[in-house]
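Input: a single structure, listed below in structure tokens.
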Amino acid sequence: MLFKRVREVYELILDEAPEEQVVAKLADILDLPIELNTGETLDRSGTISFPIYSGKDAAHYIVVKANTIDDDAACLLESVAGLLGRRIALKAGRNAIADKSDQMKVSVAASSLSMAELVAVQHLLNELNGKEGVIVASEIADKLNISRSSVASALEKLCAAQVIQKFSLGRKGTFIRVTNPQLVEEVEKIAPKNLG
């Protein structure tokens, strides 16, 4: 009977259910007082703990509030702790890859800008405070003494690289939203310091 219900736990893990839900299911199946401990304060007296390793150190613990448990329960708890650790590590790896991908998009977009376009982007990011707002391309072009096409081209390149979103408001200007905050840092890094 126990091993038929184990599948429920593994399905929760595969469905990326929260750790608390997985541990609650374990407690139900094993009929034991089990909780998830984040490791801040781990009272080991009268408990058996199974570390959830997601890297070098244990991030969490599955804690059974009992002095003894049978071998089947121990095997299941150890297996689940290992799988949860691998899932946490995989998620951290995916996040790191996504961050690298976002940085690559920003680098490619910024390096594709001409000097006039870069100055225009620097100016509009300063006007937007790095977030979002309405700009008028012709006003920026006139203020910086560059062509309107340079401003429009810069916006198109950044939009194509998916680091900004832009929506025309007709004669009122263009609404700009920075979707990748790393753009601000990259432009500050490569833009001329005495312009814009």
- Task: Confirm whether K143 is modelled with pLDDT of 90 or more and either over 30 Å from Y10 (Cα atoms) or part of a helix (DSSP H, G or I) (or both).
- Result: yes
- Message: Give all pairs with beta carbons closer than 7 Å in which a residue from region 141-169 that is within 13 Å of L183 (Cα to Cα) meets a residue that is surrounded by fewer than 13 Cβ atoms within 10 Å (Cβ to Cβ) and of a type in the set (K, R); count only pairs at least 6 apart in sequence or on separate chains.
- Response: I164/R177; Q165/R177
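The values are calculated or read from the model by the stated rules, or taken from the named source; none is laboratory data. Model, not experiment: these values are computed from the prediction. FYI the Cβ positions are ideal-geometry reconstructions off the backbone, even for glycines, and counts take in every protein chain you see.
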